[in-house]
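Engineer: Can you read through this structure? Questions will come right after.
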Amino acid sequence: MRFGLILVALIALGFASCQDEPQTAEALATARRNNLPSSNGTHNELTIFCDRDLWDDGLGILLLDHLAKPMDGLPMAEAHFDLSRIDQDAVSRLTKRSKSILTLAIIPDSSATLVLENLWAEPQRVIAIIAPNSQALKRRVQASLPEIIARFDAHDADVLAQRIKSTQSATIPPSMADLGIRQFVFSKGFKTTLSKPGLAILREDTRKSIQYLLVWEQSWDGENDPSQAILASQNDLLVRYFEGSQDGSHLAVEPRIPVLQSYEEIGGNFVYLSRGQFRTEGGFGGGPFVTYSYIDEPHERIINLSYLVYAPSMKKRKVMMELEGSLRSLRLH
């Protein structure tokens, strides 16, 4: 079956549960284009359209093992995606408005993996996997899982970036502007608590959390891998400037849990990413941190920004995603 026919079949499948009379392909396409509603759901939520017989035949275990696996770098087990499953014949107008949808279906003589933007709502990403039988569907799903995860993660990041731009502050405080930061979007609640040459610490207290933004620069020779030097510098700043609530206590990078490090290009800069946990030395308390280290090659330095979150009574996956969205907004000079 060609792409166009598969798309018509999918649109018809999605509308079938909420239309009283059969619709032509032209009418369906027109209905989809006009007046798209706003999508429902927040980041890391994923709705799956999949019949129970397919789910119980092995697809469910496969998807749970990959899509709901615990995320690294968090103090408690929290799933990569919060999943909800709906039978195809139970799909409604409301469930079709989900921000992220994975739909799995058997269509005779058809095989395809489709990525559809704003199919029934906006912003929305729908990934549709189609196969002629259950075994072929499982094979196609297994082969597509890395791409599925990457595409829904990217969609979450894009939606978060737009929300951050529309609801948070783009005003750079002097403590950060002095470091050469010209664009950075973050919560309006952060206030500078310490400002020194090459260093700024900001804090925000919310109803359920205390959040810190640690910003500092360090030199770089342009040759050696700076990843370990970044962690050593961050730990030194935690020890020096972050006192715990108990006498003589201070924060430090948790040494017993490996810090996960990677790198990528963001906004034209090479960036090191570090995700780990901190703890209170000589006291109690800790939480996750995420650090983005932007290589400022013309000035032979690194600009580091690290969010630390202390929130013992709340889940942290969504919060950390929001903070990473903020960190990705930074631009230098």
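Engineer: Would a scan of the stretch 284-296 turn up a residue that is of a type in the set (Phe, Trp, Tyr), assigned to a loop (DSSP other than H, G, I, E, B) and assigned by TED's automatic domain parsing to the domain that holds Pro197?
Structural biologist: There is at least one residue in the stretch 284-296 that is of a type in the set (Phe, Trp, Tyr), assigned to a loop (DSSP other than H, G, I, E, B) and assigned by TED's automatic domain parsing to the domain that holds Pro197.
To keep it simple, each residue is scored yes or no on (1) assigned by TED's automatic domain parsing to the domain that holds Arg279; (2) surrounded by 14 or more Cβ atoms within 10 Å (Cβ to Cβ); (3) of a type outside the set (Ser, Thr, Tyr); (4) at pLDDT 95 or above.
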| site | (1), (2), (3), (4) |
| --- | --- |
| Asn44 | no, yes, yes, no |
| Pro70 | no, no, yes, no |
| Pro75 | no, yes, yes, no |
| Val91 | no, yes, yes, no |
| Leu102 | no, yes, yes, yes |
| Ile106 | no, yes, yes, no |
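Engineer: When you scan the stretch 310-333, do you find a residue that is acidic (Asp, Glu) and farther than 20 Å from Ile164 by Cα, even just one?
Structural biologist: Within the stretch 310-333, none of the residues are acidic (Asp, Glu) and farther than 20 Å from Ile164 by Cα.
Engineer: Out of all the residues in the stretch 244-259, which are out of contact with any Leu (no Cβ under 8 Å at 6 or more places or on another chain) and of a type outside the set (Gly, Ala, Ser)? Full working, then the answer.
Structural biologist: The initial filter retains those residues of the stretch 244-259 that are out of contact with any Leu (no Cβ under 8 Å at 6 or more places or on another chain), namely 245-249, 254-258.
Those that are out of contact with any Leu (no Cβ under 8 Å at 6 or more places or on another chain) and of a type outside the set (Gly, Ala, Ser): Gln246, Asp247, Glu254, Pro255, Arg256, Ile257, Pro258.
Engineer: In addition: Only one of these is among the acidic types (Asp, Glu) and within 22 Å of Leu62 (Cβ to Cβ): Asp109, Asp87. Name it.
Structural biologist: Asp87
Engineer: How about the stretch 205-240: which of its residues are under 18 Å from Met320 (Cβ atoms) and either surrounded by fewer than 13 Cβ atoms within 10 Å (Cβ to Cβ) or not assigned by TED's automatic domain parsing to the domain that holds Tyr272 (or both)?
Structural biologist: Result: Asp205, Arg207, Lys208.
Engineer: Ser39 passes all but one of (1) out of contact with any Lys or Arg (no Cβ under 6 Å at 6 or more places or on another chain); (2) modelled with pLDDT of 90 or more; which number fails?
Structural biologist: If we test Ser39 against (1) out of contact with any Lys or Arg (no Cβ under 6 Å at 6 or more places or on another chain); (2) modelled with pLDDT of 90 or more, just (1) comes out false.
Engineer: Please give the number of the condition Asn304 fails out of (1) under 19 Å from the mean Cα position of the chain (by Cα); (2) crowded, with 20+ Cβ neighbours inside 10 Å.
Structural biologist: Single failed check for Asn304: (1).
Engineer: Say whether the condition of being among the charged types (D, E, K, R) and at pLDDT below 90 is met by at least one residue in the stretch 48-61.
Structural biologist: Taking the stretch 48-61 first, the residues among the charged types (D, E, K, R) are 51-53, 56-57.
Those still in the list that are at pLDDT below 90 too: none.
No, there is no match, as no residue in the stretch 48-61 is among the charged types (D, E, K, R) and at pLDDT below 90.
Engineer: Which of the numbered conditions does Trp120 fail, given that it passes all the others? Conditions: (1) more than 21 Å from Asp89 (Cβ to Cβ); (2) surrounded by 18 or more Cβ atoms within 10 Å (Cβ to Cβ).
Structural biologist: For Trp120, the failing item is (1).
Engineer: Restrict the check to the stretch 175-185 and report whether at least one residue is of a type in the set (Val, Ile, Thr) and closer than 17 Å to Glu243 by Cβ.
Structural biologist: no
Engineer: For the stretch 263-284, give me each residue that is surrounded by fewer than 17 Cβ atoms within 10 Å (Cβ to Cβ) and either of a type in the set (A, V, I, L, M) or farther than 16 Å from Tyr241 by Cα (or both).
Structural biologist: Tyr263, Glu264, Glu265, Ile266, Gly267, Gly268, Phe270, Phe284
Engineer: Determine, yes or no, whether Ser274 is at pLDDT 90 or above, under 18 Å from the mean Cα position of the chain (by Cα) and not assigned by TED's automatic domain parsing to the domain that holds Pro75.
Structural biologist: yes
Engineer: Quick test of your reading of the structure: Arg256 fulfils all but one of (1) touching a Gly at 6+ places or on another chain (Cβ under 6 Å); (2) not in a strand (DSSP E or B). Name the failing condition by number.
Structural biologist: Of the numbered conditions (1) touching a Gly at 6+ places or on another chain (Cβ under 6 Å); (2) not in a strand (DSSP E or B), the odd one out for Arg256 is (1).
Engineer: Give the number of residues within the stretch 299-309 that are modelled with pLDDT of 90 or more and either in a helix (DSSP H, G or I) or farther than 22 Å from Gln162 by Cα (or both).
Structural biologist: Taking the stretch 299-309 first, the residues modelled with pLDDT of 90 or more are 300-309.
When the remaining residues are screened for being either in a helix (DSSP H, G or I) or farther than 22 Å from Gln162 by Cα (or both), the result is 300-304, 308-309.
Matching residues across the stretch 299-309 total 7.
Engineer: Under the condition of being in a helix (DSSP H, G or I) and out of contact with any His (no Cβ under 8 Å at 6 or more places or on another chain), which residue from the stretch 318-330 is surrounded by the most Cβ atoms within 10 Å (Cβ to Cβ)? Talk me through it step by step, then tell me what you get.
Structural biologist: Just the residues of the stretch 318-330 that are in a helix (DSSP H, G or I), to begin with: 318-327.
Keeping just the survivors that are out of contact with any His (no Cβ under 8 Å at 6 or more places or on another chain) gives 319-320, 323-327.
Numbers: Val319: 19, Met320: 22, Leu323: 26, Glu324: 16, Gly325: 23, Ser326: 22, Leu327: 22.
Among residues in the stretch 318-330 that are in a helix (DSSP H, G or I) and out of contact with any His (no Cβ under 8 Å at 6 or more places or on another chain), the one surrounded by the most Cβ atoms within 10 Å (Cβ to Cβ) is Leu323.
The values are calculated or read from the model by the stated rules, or taken from the named source; none is laboratory data. Just so it is clear, the model here is predicted, and its values are computed rather than measured. All Cβ positions, glycine included, derive from the backbone under ideal geometry; neighbour counts span all protein chains shown.
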